[in-house]
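Right, one structure below, let's go through it.
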Amino acid sequence: MHTHAPLIIDIAGTTLSPTDRQRLAHPLVGGIILFARNWHSRAQLSALCADIKAVRADLLICVDHEGGRVQRFKTDGFTHLPPMAVLGRLWADDGQGAAWQLGSGAQRAMDAAVAVGYVLGAELRACGVDFSFTPVLDLDYGSSGVIGDRAFARDPRVVTSLARSLALGLLQAGMGHCGKHFPGHGYVRADSHTEVPVDERSLQALLAEDAAPYAWLSHSLTSVMPAHVIYPQVCARPAGFSARWLQEILRGQLGFQGAIFSDDLSMEGARRIDGVLVDYPHAAVAALQAGCDLVLLCNQSLGEGRAVDELMAGLAQAQAQGQWQPDPASEQRRRTLLPRGPALDWDALQAHGPYQRARASLPAGADANAADPTSPRRA
C-alpha cells in the first residue's frame, strides 16, 4: 500500500498516452480529474476510465460535475442537471392560494435534491467515474459571479438541508461528496481563478453564516475543499494554505474527519502565498503542511505537461529533504473516497427502478438546462 499518494492530476486528451500512463503510475499520484476535453462519448469515457484503473486500481477518478453550468458530460444520454439554485427556489415555493402549505416546498426540494444526487452519481459511476466535486456550500449573497447559481441559497440552514439530501442521493449511488469552498466563497466578488479574493469579515461572522454548513455537516461530509480566499481577520494566508483554518478550525473546532482537497494549484489564488508567487511544488508542500490530504493541479497536462512533471519531481524532492512527510492517515482518507459497491452499467441503469423514479423526481425542466462544461475552469 502506498504510504500517501496526494496528487490529483489531469490528462490532455480522450485516451491515455504513454506519458499519461507513466505519470499515473507515479507513487505520489493518487487520482485524476477529468474535463470536457476528455469527453467524446459514453463508450470512450468508459474505456478511458477502465484504462486508468488498469494502471492502478486505487486511482481516484474525479470530475467537477455539479449540474447547471458546471457539468463536464452532457451529451450521449447524460441528464442535464439543474443548477443548485433551482433547488433553493423550489424550497421557497410553498404554493399559492388553496395549494399553499407551509413547508411543502422544503419537502419537495429535499426529495428533488436526493434525486439529483442519485442521478448524478449513478450516471458517472455507470461510465467508471468514481467521484464528483459537489456540492457547493457557499451562500448566495448575489455578489459572486463565479459562484452565482451554483449555490443553493442564502440561508445556511437551507444550504445544509439540501446538501445533506444531495449527499444522500450520491451515497445511494455509492459515491462520496465534497463540500466546497470552506469557509465560504460566496461573499467576495473576486474570482480566485484570476486573482486573490479578500474577505474582511471576522471569524465570528464567518462561523455564524458561511461556515455553519460545515459545522452542521461535519459528521457526514466525506471531503471538503477550502477556498482560495484570504480572511485577514483570521489568517494572512488563503484558507487552503492555512493551518489555522484547516487544522485548528475545520478539524479541531468543527470536528471534521474526512479528506481535505486543495483547490486547483494552477489558479492565481493558489500560487500567491504571503504575497509571493510560488511554483507548483512549493504550493503543494504548503497545502500539505497546512493540513490538506490531497492537492489538485489542473489543465497543466496540455502540450508537454512540464508543470505536472515538475510537481511530481518537486514533491519527491521535498519528501527526500524532509520538507514534507507522507501521512498514512491522509492516504486512508483518500481511499475512503473510492466508490462503495459495484456500479450498474449504463443499459442496466436505464432499466433500474430507483433511477427511473429519481429521473421522474427531478425539478421541472432540469433536462432542458443548458450546461457550459468549460466554465468555471476548476472552482
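Rounded to a whole number of µm²/s, how large is the Stokes-Einstein D of segment 6-57 at 37 °C and 0.692 mPa s, given Rh as the Kirkwood radius over C-alpha pairs?
Working: Rh = 11.1 Å.
The estimated diffusion coefficient comes to 296 µm²/s.
Solvent-accessible surface of the chain, averaged per residue with a 1.4 angstrom probe and all protein chains in place: 37 square angstrom. Charges were assigned to the Cβ only: +1 to each Lys and Arg, -1 to each Asp and Glu. The resulting dipole of segment 46-85 about its Cα centre is roughly 60 debye. Counting only protein heavy atoms and a probe of 1.4 Å, the accessible surface of the chain is 52% carbon and sulfur. Each of Pro238, Ile260, Thr222 was scored by the projection of its Cα onto the charge dipole of segment 216-273, and the greatest displacement toward the positive side belongs to Pro238; charges sit on the C-beta of Lys, Arg, Asp and Glu.
Full-extension gain between Ser104 and Leu277, please, as 0.36 nm times their residue separation minus the C-alpha to C-alpha distance.
57.2 nm
Using 0.36 nm per residue and subtracting the Cα-Cα separation, the extra length available between Arg357 and Ala236 on full extension is 38.7 nm. Candidate values (i) 27, 60, 13, 0; (ii) 31, 60, 9, 0; (iii) 27, 57, 15, 1 were compared with P(r) over Cα pairs in 20 Å bins from 0, in percent computed on the shown model; the agreeing label is (ii). What residue among Trp39, Ala54, His65 has its Cα farthest toward the positive end of the dipole of segment 31-76, where the charges are +1 on Lys, Arg and -1 on Asp, Glu, each on the Cβ? Selected residue: Trp39.
Per-residue ellipticity at 222 nm from helix content only, as computed over the chain with -39500 (n - 2.57) for each DSSP H run of at least four residues, stands at -10500 deg cm²/dmol.
In percent, rounded to a whole number, the relative contact order of segment 101-225 is 31, using alpha-carbon pairs under 8 Å and six or more apart. Ranked by the mean number of other Cβ atoms within 10 Å of their residues, highest first, the peptides 115-122, 157-164 come out as 115-122, 157-164. Listed by number, the DSSP H helices of the chain that run 30 Å or longer by alpha-carbon position along their axis and have mean Kyte hydropathy of at least -1.0 are 104-126.
Toward the positive end of the charge dipole of the chain, with +1 on the Cβ of Lys and Arg and -1 on the Cβ of Asp and Glu, the farthest Cα among Ala348, Thr14, Pro27 is that of Ala348.
Remind me, relative contact order of the chain in percent, using alpha carbon pairs under 8 angstrom and six or more residues apart? This gives 21 percent for the chain.
Run the dipole for the chain about the Cα centre, Lys and Arg Cβ at +1, Asp and Glu Cβ at -1, nothing else charged, and hand back the magnitude in debye, nearest 20.
On the way: 33 positive and 38 negative charges, 99 e Å.
Around 480 debye, computed over the chain.
Among the protein heavy atoms, those of Lys74 account for about 60 Å² of accessible surface (1.4 Å probe, every chain in place). For segment 1-109, a Kirkwood radius taken over Cα pairs fed into Stokes-Einstein (20 °C, viscosity 1.002 mPa s) yields D = 129 µm²/s.
Computed extension gain for Gln96 through Asp155, at 0.36 nm per residue and net of the alpha carbon distance, reaches 19.0 nm. Taking the chain as a Gaussian network of alpha-carbon nodes connected by springs under 10 Å, the highest mean-square fluctuation of the residues Ala25, Ala167, Ala112 belongs to Ala25.
The values are calculated or read from the model by the stated rules, or taken from the named source; none is laboratory data. In this text the structure is predicted, and so the values were computed from the model without any measurement. In this analysis, Cβ positions are derived from the backbone assuming ideal geometry, glycine residues included, and neighbour counts consider all displayed protein chains. Just the protein is used for accessible areas: all its heavy atoms, side chains included, with ligands, DNA and RNA removed. Shrake-Rupley method; radii C 1.70, N 1.55, O 1.52, S 1.80 Å.
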